[in-house]
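Novice: Pasting a structure below so you can have a look.
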Amino acid sequence: MGTYVVKRVLQIIPVLIGITFLAFLVFYFGPGDPVLMILGEHASPELIERERTRLGLDQPMLVQYARFLGNLAQGDLGISYRSREPVTSVIAPALRATVILAIVTMLFTALIGIPTGILAATNRGGVVDQVTMSVTMVGVSAPAFFVGILLLLVFSYQLRWFPASGMRDWNSVVLPALTIALHFGAMLARMTRSAMLEVLGEDYIRTAKSKGLARRVVEYKHALRNAALPVVTLLGLQAGHVLGGAVVAETIFAWPGLGRLLLNGIIWRDAPLVQAGVIIIAFMFSVVTFFVDIVYSWLNPTIRYG
Amino acid sequence: MDARTLKRLLIAVATLALLTAASASNTLAVAWHSEPVSLDPHYDTSGSIMPIQRAIHEPLIKLSADMEYIPWLAESWEQIDETTYRFSLRQGVTYHSGNPFNAEAVVAFFDRTFDEADTGRQRGWIPDIIGAQVVDEYTVDIMSAGPHATFLDDMTRIHIHITDAVLANEIGERHGSEPSGTGPYMLDEWRRGEMIRMTANPDYWGGVPAIETLEFYFIPEATTAVGALEVGEIDIVWEVPPHEAARLGALPEIEIHTASTARPMMYHFNHHPDHPLFSDLAVRKAITYAIDNDVIADVILGDMADPLRGFLGSNTWGFFEFDQPFDPERGAEILREAGWELGQVGQYDVWMKDGQRLQFTLTHPNFWPRQAEVAEQVQAQLAAFGALVSINTIDRALHWDILNHIRTGVEGVAAFDMYFLGNGQRTRDGGPNLQDTYASWGITNLVQWNNPEFDEYLSQGLSPGPEEERLAAYREAQRLLHEHAVAAQLYEVNLIQAVRSDVVGFEAHPMEEPFWERLTKQ
């Protein structure tokens, strides 16, 4: 297990280097001139040239990339072109907001998805199963902006239970998290149901049942643990998605997360900000997948990686 | 927990609740669609967030809502020669940092603004000003490069604020998040991506503002902002989408304020002499007759716009009506006289001449509100007239790329066919607007229109002199724009703002000059 963990951690490094190169290339070859975005439409051509030189944007591509990597290795993510502050201080609060949103969202997702899926699977073909499967179908299909605005209208404008925007109170996170979690939870419920159904048909479940074990014990201890692999995989992928910025939910509820920050960064061609954001997202995604892999081998000790 | 502790706790909670309620009535929350990147206007002169900067920073002169000069940090001024104005400054004013506001501070501001080694953005808005000189402690001379009729207008621009340059020189770019100005509010907290909180400046020269706490919430989605206004989370929505205005206005607890922003929107032709279609005046003229801007303004934009009747906003000084009527038959007649004939392309009737079709692209940047619907409407009107038109949407970065390519001569004729452009100078005097867009030396002359006669009239209008003469020159300049069909007129933009009725003293302003210190809450 120890060597496996070390190996797995080392694998993250080439992934991150690859990501930095891609993030760099996109801005290098993409349309739009960051210098013009910094200086505005009234800047003189001389000023534009001077700023280009100052930022090193007149250097050959590989020189620019090497310098970018060199700074990165020293933990220097650069200065945002637009706000002229260190990228770290621009990204830190957005990262915090995104992590809070991601944790609450994944909590909601698990609470909605797993019990619903189990309930449906253990009542296969019954009314409960049919109702939950129809409702989750809606949840999977409804777009986030629709669900978000619906939640806003009902719980914020009509019932006034939650604030409409920003991070005003501790409960501000509920509606944006629910917007995403309803979608994710529906997906997860369907995944849990099919994984459970597969396991419930196995011989060892029949054996457990015939041993006279209580139904709950069979369902939760024997079946669920074995059905958990695909469920954990999906949860991991979903967590990665929210951590990468949930632009729609962030926009509707004015949640100050990474998604909106990076979207604005792209519009303004703020290369240092977007590159740093992409690297952070890639890093978080790698960490989440790493933990998913560890959880795998804990759930099913027969899985051992070479 | 015994009964006494419980009682104490309850009292504490009740007191806290009362305190919160009391402070809430003295807090004003404003919803904004975008967020500043820096609270130092040296680095951020985006027009959309200037009213936020104005809570902290102030100019020498402000404009009232009916476009009169109001002495602000300058108490009075006089012109002492062709290129110099002498300003007497308000005394007893200090910056939030404690630095004194005086002639030296003003000079330090202009030095920083015009520092060649620096990339400050404010100087772009006052390109004719060259610097300032101390006369005595509270008197300062400000100089322009040449005779400059819109000198005072330059001082009123919403992009120009006399910031605390002495402090900014000390702390550098940190001034963007720890700004110091002379304004009625001081920065308290800035939660990036979310909100900015300011508190009343206890030493404000105009008296302590009545509203103690001023909060700006950044809410990109208009539905959310409007909803927050309705439930009372927000007191003012700075820009309301037009389709919400009527509904909100009908609510007893909300008032709608509107003002014309003096911003004219047009589809400009590419005036490069080699352009295959638009180098021909007849084609340009015909297209202006084919566009019905009343429909665009009234049906699509509603309260947000009025049809444009000239080449400047109708409330700018120097505006003259030169309307382009909707008359497709007249347009067809002009094309026939020029040798065009209607032919068949698939299912469409399209004008043709010598095998060339009347076919081109409308290019429009995506940062103007509702521009996509406007483009589609124009496309439909032109299709009915007999022009095959496609739409090309570009983002801000590409917009500036095109501008720069034209300026540096890389891409002239190929840059675009027709371009959706709003003149953004925002001055009382329309001259700078005409200059930037149409003068051969105009810094945002995307249009590539080059007409020596126009340049001559415009220069006369921009030179100091009797007002009647300047107006006559402006009129001639605009007559030429009309004669040469430099653009197809669309609309002038109105600002629609929604305010809760318990906010007193609010007034919509054509230049979005905010006057935060005048607001109170009942």
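Novice: How big is region A:88-305 in terms of Cα radius of gyration and Dmax, in angstroms?
Specialist: Rg, Dmax (Cα atoms, Å): 19.7, 66.
Novice: Then there's this: Cα to Cα, under 29 Å, and not fewer than 8 places away if on the same chain: which lysines meet these conditions relative to A:K221?
Specialist: Counting by Cα, and skipping residues close in sequence, A:K221 has these lysines nearby: A:K209, A:K211.
Novice: If you roll a 1.4 Å probe over the heavy atoms of the protein chains, what accessible area per residue do you get for chain A, in Å²?
Specialist: Value for chain A: 49 Å² per residue.
Novice: Take the alpha-carbon centre of region A:103-181, take the same for region B:33-76, and report the distance between them in whole Å.
Specialist: About 44 Å separates the Cα centre of region A:103-181 from the one of region B:33-76.
Novice: Take the alpha-carbon positions of region A:2-87, form their convex hull, and give its projected area averaged over all directions (one quarter of the hull surface) in nm².
Specialist: 7.0 nm²
Novice: List the relative contact order of chain B as a percent without decimals, with contacts defined as Cα pairs under 8 Å and 6+ residues apart.
Specialist: 19 percent.
Novice: Based on the Kirkwood radius over alpha-carbon pairs, what value in µm²/s does the Stokes-Einstein equation return for the translational diffusion coefficient of the protein assembly as shown at 4 °C and 1.567 mPa s?
Specialist: Working: Rh = 30.3 Å.
The diffusion coefficient I find is 43 µm²/s.
Novice: Quote the relative contact order of chain A in percent (integer), defining contacts as alpha-carbon pairs under 8 Å separated by 6+ residues.
Specialist: RCO, chain A: 27 percent.
Novice: Region B:432-471 to region A:52-84: how many Å between their Cα centroids?
Specialist: Answer, in whole Å: 41.
Novice: To continue, here is another question. Hydropathy at least -0.5 by Kyte-Doolittle, axial extent at least 30 angstrom from the Cα trace: which helices of chain A, defined as entire DSSP H runs, fit?
Specialist: For chain A, where a helix must reach 30 Å along its axis and average at least -0.5, the hits are A:2-29, A:87-122, A:174-200, A:271-299.
Novice: Same structure again: Work out, in µm²/s and without decimals, the Stokes-Einstein translational diffusion coefficient of region B:368-437 at 4 °C, 1.567 mPa s, Rh from Kirkwood over C-alpha pairs.
Specialist: 91 µm²/s
Novice: Taking the convex hull of the Cα atoms, report for region B:84-211 its projected area averaged over all directions, in nm².
Specialist: 8.7 nm²
Novice: Give the carbon-plus-sulfur fraction of the accessible surface of chain B in %, rounded to a whole number; probe 1.4 Å, heavy atoms of protein chains only.
Specialist: Values: 9810 of 19920 Å².
Carbon and sulfur together cover 49 percent of it.
Novice: Let me ask something additional. Given a Förster distance of 56 angstrom, what is the FRET efficiency for B:V231 paired with B:D118, based on the Cβ-Cβ distance and rounded to 0.05?
Specialist: 0.80
Novice: For the residue pair B:T84 and A:N300, what label-to-label distance in nm results when each label sits 7 Å from Cα along the Cα-to-beta-carbon direction?
Specialist: 8.7 nm
Novice: Please give the residues from region B:223-244 for which the solvent-accessible area of heavy atoms, probe 1.4 Å, is smaller by at least 30 Å² with all protein chains in place than with the chain isolated.
Specialist: Listed in order, they are B:T223, B:T224, B:V231, B:E233.
Novice: Work out the length of the dipole vector of chain A about its Cα centre, built from +1 on the beta-carbon of each Lys and Arg and -1 on the beta-carbon of each Asp and Glu, and round it to the nearest 20 debye. Display every interim value, and only then the final one.
Specialist: Values: 24 positive and 17 negative charges, 245 e Å.
Roughly 1180 debye, rounded to the nearest 20.
Novice: Which listed residue (B:V135, B:P179, B:T316) has the Cα farthest towards the positive end of the charge dipole for chain B, taking +1 on Lys and Arg C-beta and -1 on Asp and Glu C-beta about the Cα centre?
Specialist: Sorting the options by dipole projection puts first B:P179.
Novice: How far, in nm, would the chain grow between A:L16 and A:L57 when pulled straight, counting 0.36 nm per residue and subtracting the alpha carbon separation?
Specialist: My answer for the length gained is 12.4 nm.
Novice: Also, quick follow-up: Name the residues of region A:8-57 whose accessible area, probed at 1.4 Å, falls by at least 30 Å² once all protein chains are in place instead of their chain on its own?
Specialist: Buried-area filter returns A:G32, A:L36, A:M37, A:L39, A:E41, A:H42, A:L47, A:R50.
Novice: For B:S48 and B:E333, FRET efficiency with R0 = 45 Å and r from the beta-carbon atoms, rounded to 0.05? Walk me through the numbers before you get to the answer.
Specialist: Values: r = 43 Å, r/R0 = 0.96.
Result of the calculation: an efficiency of 0.55.
Novice: Just name one of B:Y95, B:P464, B:A108: the one whose Cα is farthest towards the positive end of the charge dipole of chain B (beta-carbon charges, Lys/Arg +1, Asp/Glu -1).
Specialist: B:Y95
Novice: Which whole-angstrom value gives the distance between the alpha carbon centres of region B:224-297 and region B:355-403?
Specialist: The distance from the Cα centre of region B:224-297 to that of region B:355-403 comes to 16 Å.
Novice: What number, in nm² with one decimal, is the all-direction average of the projected area of the convex hull of the alpha-carbon atoms of chain B?
Specialist: 29.5 nm²
Novice: Let me ask something else about it. Roughly how large is the A-B contact in terms of buried accessible area, totalled over both chains, probe 1.4 Å, nearest 100 Å²?
Specialist: In total, this chain pair buries about 3800 Å².
Novice: Along the charge dipole of region A:88-305, Cβ charges K/R +1 and D/E -1, which of A:W298, A:F184, A:I103 sits furthest on the positive end?
Specialist: A:W298
Novice: Also, quick follow-up: Carbon and sulfur atoms: what percent of the 1.4 Å accessible area of region A:84-180 do they account for?
Specialist: The computed percentage sits at 75.
Novice: Express the accessible area of region B:33-149 per residue in Å², computed with a 1.4 Å probe while the remaining protein chains stay in the model.
Specialist: Numbers: 4100 Å² over 117 residues.
Heavy-atom SASA per residue in region B:33-149 reads 35 Å².
Novice: Based on the Cβ-Cβ distance from B:V345 to B:E137, what FRET efficiency comes out when R0 is 60 Å, to the nearest 0.05?
Specialist: FRET efficiency, B:V345 to B:E137: 0.25.
Novice: A further question on this structure: With only Lys, Arg, Asp and Glu charged, each at its Cβ (+1 for the first two, -1 for the last two), find how big the charge dipole of region A:2-87 is about the Cα centre; round to the nearest 20 debye.
Specialist: Details: 8 positive and 8 negative charges, 101 e Å.
Roughly 480 debye, rounded to the nearest 20.
The values are calculated or read from the model by the stated rules, or taken from the named source; none is laboratory data. Quick caveat, the model's predicted, so the values are computed rather than measured. Counting neighbours? That spans all protein chains shown, and the Cβs are built from the backbone with ideal geometry, glycine included. Each accessible area value is taken on the protein alone, full model and side chains, heavy atoms only, with ligands, DNA and RNA left out. Shrake-Rupley method; radii C 1.70, N 1.55, O 1.52, S 1.80 Å.
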